[in-house]
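Notes follow the structure.
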Amino acid sequence: MAKYEGKCPECGKTHYSDRKGGIVVCNCWQRCQMCGAEMDPYMPDLAMNTYGLDEKRDLAVLMVCTLHFPMFFSTKKPVEVACT
Ligand SMILES: [Zn+2]
Ligand SMILES: [Zn+2]
């Protein structure tokens, strides 16, 4: 049974671990901030052709939500939650 818990600072979700100090990666960084859908991994190779927003290519874009126009680019990184 999980004894230790930690809260994600990004989304407030509580994660559990049965080890003290256990690290859980919250998946909220993969969720679109605008619509909540799961985003697709951003592929820089396709950026100029497919995404057509080449001023964004220097940013650390990790995920993209294709449900919007223009598409929503996310620079969020995985959030590690320490359970204590
Ligand atoms: Zn989270
Ligand atoms: Zn979206």
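No lab work stands behind these numbers, since they all come straight from the coordinates. Because the structure is predicted, anything quoted here is derived from the model rather than measured. Cβ atoms come from the backbone with ideal geometry, glycine included; neighbour counts cover every protein chain shown.
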How long is the gain from residue 13 to residue 67 if the chain were fully straight, where each residue apart is worth 0.36 nm and the alpha carbon distance is subtracted? 17.0 nm
Zone of residue 28's modelled label, taken as backbone nitrogen in the stretch 66-84 under 19 Å from a point 7 Å along Cα→Cβ: 73-84
If you take the beta carbon distance between residue 37 and residue 2 as r and set R0 to 35 Å, what does 1/(1 + (r/R0)^6) give as a FRET efficiency, to the nearest 0.05? 0.80
What list of ³J(HN,Hα) values in whole Hz, one per residue of the stretch 2-18 in order, does the Karplus curve 6.51 cos²θ - 1.76 cosθ + 1.60 (θ = phi - 60°) give from phi, with Gly and Pro shown as x? 6, 10, 10, 9, x, 9, 5, x, 7, 10, x, 6, 8, 10, 10, 9, 8
For residue 22, the residues 5 or more places away or on another chain with a placed amide H closer than 5 Å to its own amide H are 83
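Here is the link list: 3/77; 13/77; 20/76. Which ones come out longer than 24 Å on Cα distance?
Distance filter (> 24 Å) returns 3/77; 20/76.
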Please report the spacing between the Cα centers of the stretch 61-84 and the stretch 1-15 in Å, no decimals. 19
Residue by residue through the stretch 69-78, the couplings from Karplus 6.51 cos²θ - 1.76 cosθ + 1.60 with θ = phi - 60°, in Hz, x for Gly and Pro, are 10, x, 4, 8, 9, 10, 9, 5, 10, x
